[in-house]
Amino acid sequence: MTIPPRLVVGISGASGVIYGIRLLTTLRRIGVESHLVVSRSAEVTLAHETDLKVAELRALADVSYAATDIGAAIASGSFHSMGMIVAPCSVRSMSEIATGVTSTLLTRAADVTLKERRPLVLMVRETPLHLGHLRTMTQLAEMGAIIAPPVPAFYSKPRTIDDLVDHAVGRALDLFGLDAGIVRRWGEPTEPEILET
Ligand SMILES: Cc1cc2nc3c(=O)[nH]c(=O)nc-3n(C[C@H](O)[C@H](O)[C@H](O)COP(=O)(O)O)c2cc1C
């Protein structure tokens, strides 16, 4: 049986819910099945940072699970996926994933991704970072996770917030070998205005 390309997407309660939204719309556009889990806190940030309703956010995914549904498909390693991206990833969720003491479906799915040795990309959003945060990140990197904070790049000459978000999401998808055509790549000018400036 052929398994469709599918990615697990976690949206936690760090600032930057737009990263998760853009990830979902991009996956839909490039034909990658998305399996979404949104934390309770992310529902709060969604209300603060966008005009979207929770149901509208969930509708952007192919399959959406409640954060409390610890019996969901993505809680098991037998569920096939290319891996998981947490976008954005809060310090709280990051810390749970690092310990393996997972209290939500989001962190359980991330733990499963690690144990199955699949790519786990954490777009951790917090600043400044104290030593505990940095130690947790080190621990996760040692466990095989990829710490990918959505730090803007300016060599791509972003003009809008959308440009910055696209770049961060596109670079996260690069880690899965997925090119959604939203990254302006260094050394590969694709638009005339980049050549001119
Ligand atoms: C508007 C808003 C912005 C927040 N931004 C961040 C953030 O950037 N990084 C972070 O780690 N937590 C942030 N928090 C706090 C988290 O939402 C909080 O720690 C929560 O318990 C995380 O739970 P979760 O990991 O289950 O989503 C923010 C909270 C709110 C309401």
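The values are calculated or read from the model by the stated rules, or taken from the named source; none is laboratory data. Predicted model, so just to flag it, every value in this text is computed and none were measured. A quick note on method: Cβ atoms are made from the backbone with ideal geometry, for glycine too, and the neighbour counts reach across all protein chains shown. These area figures cover heavy atoms from the full protein model, side chains too; ligands, DNA and RNA do not enter into them. Shrake-Rupley method; radii C 1.70, N 1.55, O 1.52, S 1.80 Å.
Miscellaneous remarks
- Accessible area of the stretch 51-177 belonging to carbon and sulfur atoms, whole % at 1.4 Å probe: 57
- Accessible surface calculations at 1.4 Å, restricted to protein heavy atoms, place the chain at 50 Å² per residue.
- Between helix 105-115 and the chain there is an angle of about 80 degrees, using the helix long axis and the longest principal axis of the Cα atoms.
- Of the residues Leu106, Leu134, ranked by 1.4 Å probe accessible area with the largest first, the sequence reads Leu134, Leu106.
- In the chain, the DSSP-assigned H stretches of four residues or longer account for a calculated mean residue ellipticity at 222 nm of -12000 deg cm²/dmol, using -39500 (n - 2.57) per stretch and the full residue count as denominator.
- Surface accessible to a 1.4 Å probe, Lys53 within the full protein complex, Å²: 130
- Ordered by 1.4 Å accessible area with all protein chains kept, Phe79, Phe154 run largest first as Phe154, Phe79.
- Debye intensity ratio I(q)/I(0), log10, the chain, q values 0.11, 0.12, 0.19 Å⁻¹ (C-alpha model): -0.47, -0.56, -1.38
- Proximal charge balance of Arg29 [Cβ under 13 Å; K/R count +1, D/E count -1]: -2
- Rounded Å value of the spacing that divides the Cα centres of the stretch 43-71 and the stretch 84-157: 19
- With K and R counted +1 and D and E -1, the other residues having a Cβ less than 15 Å from that of Ile3 yield a net charge of -1.
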